[in-house]
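Take a look at the structure set out below.
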Amino acid sequence: MYKTIVVHVDDSPQFKPRLAMAAALASAHGGHLVGSAVTGITQHDFVMLGTSPLMALPDDGFDVLRSSAGDQLLGFATEAGRLGVASWEQRMIEDDAANALLLESRYADLLVLSPGTPAGSRLRLTADLPEYVALHSARPVLVVPPDHADTDLAGTIVIGWDAGMEATRAVAGALPLLLRARSVLVAVVNPDGMAGRHGEQPGADLATYLARHGATVEIVPEHSNAPVAATLVGLARDAGANLLVTGIYGHSRYREWFAGGVSRDLLKNVSVPLLLAH
């Protein structure tokens, strides 16, 4: 069960779809919804920038940032009430969104974000927010596509399964949803080269594990010359899936703020909600 759900609050067009999804999950799981808005910078960093001879900042500049975040939280409160969320709160954090959400993740079960949101400052300028947070968070991240209107995740769920640690964590993070789904498809893409991971029957051990929990599971072996991301997106589309679950993979520690090719392609191209874990 997701008892604490954090949703990123801003003034972008993607905010309402992700809030609707987060609200629906909070209601379904009897959970508490936290709306998290940010100033975008700490007050200390703002003051330090203001002392630079190359940067002239107004004296009330940080107050303006706080006021903007406050307005966003008012919008969250209005929408949360309209959506009938029984238990919710709003939080303003004086930092960029990536740092704020990583802090919030330590005390939550799930984070709800949207693709295409810039991650913020310093090296995170090179990454989108869901990508960066999923790579560094202790909790799973649910990415809601823009303009996604369907908040029902209890239909068909596709798992992109490669028997790796990241995919294992994604399955564990998605378990409350997998147990409510009408059907779970374990998609194993080109497993022949990974016999050491998969065993004699790729996907069978995961299917047995989920079945013991009470999930209705089917293994779907996929042999394709297409990229893995495109294969998973196509399978999810053809199955009419409500959710795609997969691990998110990073490059080396020296470039750890970048997601790997499959993960980044999924974030760019998936048209259904995507649950990620690292």
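Helix content alone sets the calculated 222 nm mean residue ellipticity of the chain: runs of n ≥ 4 DSSP H residues at -39500 (n - 2.57) each, divided across all residues, give -12000 deg cm²/dmol. May I ask you to give the percent of accessible area on the chain that is carbon plus sulfur, with a probe radius of 1.4 Å? For the chain, the apolar C and S fraction of the accessible surface comes to 53 percent. About the centre of its Cα atoms, the stretch 156-276 shows a dipole size close to 420 debye [charges on the beta carbon of Lys, Arg (+1) and Asp, Glu (-1) only; nearest 20 debye].
Measuring only protein heavy atoms, the 1.4 Å probe finds F76 accessible over about 0 Å².
Each residue was assigned an accessible area with a 1.4 Å probe, and for M21 the value is about 0 Å². Residues whose amide H comes within less than 5 Å of that of I93, counting only those at least five positions distant or on another chain, are A37, V38, T39 (H built at 1.01 Å from N in the peptide plane).
Summarising the label geometry, the points placed 7 Å from Cα in the beta-carbon direction at M165 and F46 lie 3.9 nm from one another. The residues of the chain expose, per residue, 47 Å² of accessible area to a 1.4 Å probe. Basic side chains Lys and Arg get +1 at the Cβ, acidic Asp and Glu get -1 at the Cβ, and with that the dipole of the chain about its Cα centre reaches some 500 debye. Shape class for the stretch 156-276: rounded, because the ratio a/c of the largest to smallest gyration tensor axis (alpha-carbon atoms, square roots of eigenvalues) is under 1.5. A simple spin-label model places the labels of K268 and A204 3.8 nm from each other, with each point 7 Å out along Cα-to-Cβ.
Candidates H213, L102, H223 compared by Cα position along the dipole of the chain: farthest toward the positive end lies H213, with charges placed on Cβ. For the stretch 177-184, putting each phi into the Karplus relation 6.51 cos²θ - 1.76 cosθ + 1.60 with θ = phi - 60° gives couplings of 7, 4, 6, 8, 6, 5, 8, 10 Hz, in residue order, rounded to whole numbers and with x for Gly and Pro. Spin-label model, R66/S27: points 7 Å from Cα along the beta carbon direction are separated by 3.5 nm.
The values are calculated or read from the model by the stated rules, or taken from the named source; none is laboratory data. All values reported here derive from a predicted model rather than from experimental measurement. A quick note on method: Cβ atoms are made from the backbone with ideal geometry, for glycine too, and the neighbour counts reach across all protein chains shown. SASA here: full protein model, heavy atoms, side chains in, ligands and nucleic acids out. Shrake-Rupley method; radii C 1.70, N 1.55, O 1.52, S 1.80 Å.
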